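The values are calculated or read from the model by the stated rules, or taken from the named source; none is laboratory data. Because the structure is predicted, anything quoted here is derived from the model rather than measured. Methodologically, a virtual Cβ is constructed for each residue, glycine included, from the backbone with ideal geometry; neighbour enumeration extends over all protein chains shown.
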Amino acid sequence: QSALTQPASVSGSPGQSITISCTGTSSDVGSYKFVSWYQQHPGKAPKLIIYDVSNRPSGLSDRFSGSKSGNMASLTISGLQAEDEADYYCSSYTTRTSVVFGGGTKLTVL
Amino acid sequence: QVQLQESGPGQVKPSETLSLTCTVSGGSISTSSFYWAWIRQPPGKGLEWIGSIFYTGSSYYSPSLKSRVTISVDESKNQFSLKLNSVTAADTAVYYCARESRIVGDFGVYNGACDIWGQGTTVTVSS
């Protein structure tokens, strides 16, 4: 089972925008709209921030947005804040295994 | 609001069986809208989906763990459980239970996002 591919780390300064990519295949990201993104702070459980490619859970800041093109999904965080520093994971439905996660991306706010 | 809480031993000996239970409170486990999932995270590593179950007992497993995993559900207790046998040090991880959306589409039924997570429980495999 191959995990979705994410960059190991990204960084940005407060107020800037960053984008995290999540590359899959035609068996997962490329064929389904069931792509999710999670934020995880150290020692905490993951928190859902995007579901079905681009939908935000109720009450979540609109600074977080998601999109998809072909086999790649993306998470964009605009107006970067110190509290956004965390690990981010994508996941997707997959025909082979039901659910697959990305390897995770560490976001550093400079 | 729905909450999930994992429980079980924090240490398991190599070759033995890891057993965890997730108790669902604030809502019924017997809903057609959700699966109930187990996800783990080895120390310093990423998330790994283990599997999930529908309240009727239909279950889905990661191929890499399928031969060693059993997920079951107890509607009367509003709980679901994980058993992982023949454990090794590689199974040391934080284990999370989560509520996973179940999406009925035109061409099938799909696993969606995990919107509610337990706090996680650390399981160490060591003699």
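You will find that of A:Y93, A:Y88, the residue that is under 13 Å from the mean Cα position of the chain (by Cα) and hydroxyl-bearing (S, T, Y) is A:Y88 and no other. Going through region A:64-90 one residue at a time, which ones are part of a loop (DSSP other than H, G, I, E, B) and among the aliphatic types (A, V, I, L, M)? Of everything in region A:64-90, just one residue is part of a loop (DSSP other than H, G, I, E, B) and among the aliphatic types (A, V, I, L, M), namely A:L80.
For (1) under 17 Å from A:S98 (Cβ atoms); (2) within 12 Å of chain A (Cβ to nearest Cβ), each residue gets a yes or a no:
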{"residue": "B:K45", "(1), (2)": "no, yes"}
{"residue": "B:T70", "(1), (2)": "yes, no"}
{"residue": "B:G112", "(1), (2)": "yes, yes"}
{"residue": "B:G120", "(1), (2)": "no, yes"}
{"residue": "B:T124", "(1), (2)": "no, no"}
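On the stretch given as region A:23-66, residues that are loosely packed, with under 15 Cβ neighbours inside 10 Å and within 15 Å of A:L4 (Cβ to Cβ) total 1.
Residue pairs whose Cβ atoms lie under 9 Å apart, separated by 6 or more positions or on different chains, with the first residue in region A:83-97 and more than 11 Å from chain B (Cβ to nearest Cβ) and the second surrounded by 23 or more Cβ atoms within 10 Å (Cβ to Cβ), are A:D84/A:I77.
Among the residues of region B:98-127, those identified as more than 18 Å from the chain's Cα centre (by Cα) and β-branched (V, I, T) are B:I103, B:V104, B:V109. Quick check, is B:Y35 surrounded by fewer than 22 Cβ atoms within 10 Å (Cβ to Cβ), within 11 Å of chain A (Cβ to nearest Cβ), within 11 Å of the chain's Cα centre (by Cα) and part of a strand (DSSP E or B)? In short, no. If only residues of region A:34-53 that are in a loop (DSSP other than H, G, I, E, B) and in contact with a strand residue (DSSP E or B) (Cβ under 6 Å, 6 or more places away or on another chain) are counted, the one that is farthest from the other protein chains (Cβ to nearest Cβ) is A:H41. Of all the numbered requirements in (1) under 25 Å from B:Q119 (Cβ atoms); (2) more than 14 Å from chain B (Cβ to nearest Cβ); (3) at pLDDT below 95, A:A3 misses one, and that requirement is (2). Using the structure shown, decide if A:S27 is closer than 30 Å to B:D106 by Cα and either touching a strand residue (DSSP E or B) at 6+ places or on another chain (Cβ under 7 Å) or touching a residue at least 40 places away in the same chain (Cβ under 8 Å) (or both). It is true that A:S27 is closer than 30 Å to B:D106 by Cα and either touching a strand residue (DSSP E or B) at 6+ places or on another chain (Cβ under 7 Å) or touching a residue at least 40 places away in the same chain (Cβ under 8 Å) (or both).
Looking at region B:69-103 only, could you name the residues that are over 22 Å from B:G26 (Cα atoms) and touching an Asp or Glu at 6+ places or on another chain (Cβ under 9 Å)? Within region B:69-103, B:L84, B:N85, B:S86, B:V87, B:A93 qualify. Looking only at region B:50-87, which residues are on the phi > 0 side of the Ramachandran plot and either in contact with a helix residue (DSSP H, G or I) (Cβ under 8 Å, 6 or more places away or on another chain) or among the polar types (S, T, N, Q) (or both)? Correct list: B:N78, B:S86.
Considering only residues that are touching a Ser or Thr at 6+ places or on another chain (Cβ under 7 Å), small (G, A, S) and part of a loop (DSSP other than H, G, I, E, B), which ones fall in region A:20-30? Once the filter is applied, which keeps residues that are touching a Ser or Thr at 6+ places or on another chain (Cβ under 7 Å), small (G, A, S) and part of a loop (DSSP other than H, G, I, E, B), region A:20-30 yields A:G24, A:S27. Comparison of B:S19, B:S67, B:S72 shows that the only residue that is of a type in the set (G, A, S) and either crowded, with 21+ Cβ neighbours inside 10 Å or not in a strand (DSSP E or B) (or both) is B:S67.
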